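A short worksheet on the structure shown next.
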Amino acid sequence: MTDLRAHALDNGTPTLRIRDLSIEFARRRGDDMRVVDRVSLDIWPNEIVGVIGESGSGKTLTSLATLRMLPKRARIANGTIHLDEMSLHDLSEPEMRALRGDRIALIPQDAMQSLNPTMRIGRQVGEPLELHSGYTLSRAREAARKLLESVHIREPEKRVREYPHQFSGGMQQRAMIAMGLALNPQLIIADEPTTALDVTVQAQVLKLLREIRDQKGTSILFITHDLGVVAELCDWVYVMRNGKIVENGPVRRIFTSPQADYTRMLLDATPSIHTVPQVTK
Amino acid sequence: MMTAFSDFDWRRWRLVITGGTIIAIILICAIFAPWVAPYSPYDLDVVAMLQSPSPAHPLGTDELGRDLLSRTIHAARISMEVAFIAAGVGLVFGTLIGVAAAYFGGIVDLVLMRFMELLFSFPAILLAVVLMASLGTSILNAMIAIGIVFVPGFSRLARAATEVVLREQYVESARAIGMSHTRIVFIEILPNILAPLLVEAAVAFSYAILLESALSFLGLGAQPPEPSWGNMLNTGRGFMVQAPWLSIVPGAAIFLSVLGFNLIGDGLRDVLDPHMKE
């Protein structure tokens, strides 16, 4: 599993290639504040890449930069982002808009907050199809039903007519994933998608993401601060701190022989991950 | 569906239903005025001047012998028309301006909202009178003038509500699936700011009726012989002692319709309050 990268290196381009990305926040007084500093990362097809780090380490900004959706005061100071061979920096806003939801999908942290409370689930899940593939409302709704089914939501024909507040937290998150899957994107950016969920539901969502990767060969960028989730799901891991990548490598190596002090500190801070597998083995 | 009917929460909707019933009756009278009213509102009858209520004229007659009930019913047409069109003008333009100001921010926000504050700083009646004076006195101009009076209120409300919605995660999610600005405004923002705007619209209805009556009372709204509750009140003022019904009847009509719209507004506020949703 961890040799996936070596294999991918033989035949071509990564799905996403970020090189020397720096992001700065404009400040009213003084110099701009650099929050992401020369970050480089690759995600290959059929690969789940984890980015771990504490809050404020620049994980989310890096992913927002990929969608070109940085907050107003932030700007890319330096670096390139390529999706396949395409430089995202060179695209016009309408071209970028055509890409979002179609080739890159974002699964956000808080599904409840990310669903429009006044719109039925079916309409929302089918929305990307309406936007990018010109589906009619009824066709999009039918597709939404199938999408909900594919993320294991029971009674999808009833559920498409419901509103977000009628869904449980896990179902909302799965609905968001269904929406992300609508157009079979090459890259899914999952920004702490399980943080708001309890452990059993979290396991279901992780299993679902793995299924998607296995069935469709989608690349997944998984952002989290939860080492347990990384160990369970990811093939390759980047460790971020203060806007810099301090270490990266196959997930097993990161856990067994971390190189950077910070990674070691993280592992020590979560004993269950580091010690339990050894005890049970 | 039977179940949906029996599940209906009458208690929660009672204010809306009470107000709605009053307004519905007034609306039906207004729409079907020629059939509902026993007489024509313009027919003079010099023999029956200033008659008190009687079987022939249930609400009496005015100084020219015209049937007061018929005139009141026909006047409802003007009041309702003014209320709906004026509140509509206020709602549409106010929302447009408010949403644009919040969505684009910066200089657009600054210019639009300063202009709104300028309008807001005029007393409503004075603003309407000034507008009427420059537009000319007609009922259409009265509607436009009253509508313009409402624009700043709606725009402030829409702007504040939009700012709240713009901070919501689902707007960002909408961008993340590639939605355009127009689509975000119509699909994500408008449905989510509708509740407070509807409440405001109900209040605007009642206020529009009062404003129209005030303008007609001042001789700036509906022009005689066209009946309007405002100019009927104005006429009644001269006969307060001999024929008090001339003032009481249009006054009661204004009171009832304002009450109806206010009940709807209050009721909607309670029903649409997210904290009261189950």
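Just so you know, all these numbers are worked out from the coordinates, no wet-lab data involved. Note that the structure is a prediction, hence the values are computed from the model and not measured. Reconstructed Cβ throughout: ideal geometry from the backbone, glycine too, with neighbour counts over all protein chains shown.
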*What ranking do A:Ser55, B:Ser213, A:Ser22 get, fewest neighbouring Cβ atoms within 10 angstrom at the top?*
A:Ser55, A:Ser22, B:Ser213
*For A:107-119, mean number of other protein chain Cβ atoms within 10 Å*: 5
*Take a quick pass over chain A and tell me how many lysine pairs come in under 17 angstrom between Cα atoms, counting only ones 8 or more apart or on separate chains.*
4
_Burial ordering of B:Ser206, B:Ser180, B:Ser257, fewest other beta-carbon atoms within 10 Å first_ = B:Ser180, B:Ser206, B:Ser257
*Going by the alpha-carbon gyration tensor, a ≥ b ≥ c the square roots of its eigenvalues, is the range A:134-227 rounded (a/c under 1.5) or, if a/c is not under 1.5, prolate (a/b greater than b/c) versus oblate?*
oblate
*Backbone N under 15 Å from the B:Phe239 label point (7 Å along Cα→Cβ), restricted to the range B:65-97*: B:65-72
*With a Förster radius of 22 Å, plug the Cβ-Cβ distance of B:Val164 and A:Asp198 into 1/(1 + (r/R0)^6) and report the FRET value to the nearest 0.05.*
0.15
_Interatomic Cα distance distribution for the range B:172-256, bins of 5 angstrom, percent_ = 3, 13, 15, 14, 10, 7, 6, 7, 7, 6, 6, 3, 2, 1, 0
*List B:Val89, B:Val149 from most exposed to least, where exposure is judged by having the fewest other Cβ atoms within 10 Å.*
B:Val89, B:Val149
_Treating the range A:117-184 as a set of equal point scatterers at the Cα positions, no solvent, please give the Debye-formula log₁₀ I(q)/I(0) at q = 0.12, 0.13, 0.18, 0.27 Å⁻¹._
-0.23, -0.27, -0.53, -1.22
*asked:* Just to confirm my numbers, what's the Cα centroid distance between the range B:156-180 and the range A:45-114 in Å?
replied: 19 Å
_Residue by residue through A:126-139, how many Cβ atoms from other chains fall within 10 Å of the Cβ on average?_
2
*Using alpha carbons only, what's the Rg to Rh ratio of chain B with Rh from Kirkwood?*
1.07
*Could you work out, for the protein assembly as shown, what percent of all Cα-Cα pairs fall into each 10 Å distance bin, beginning at 0 Å and stopping at the bin that holds the largest distance?*
3, 14, 20, 18, 14, 11, 9, 6, 4, 1, 0, 0
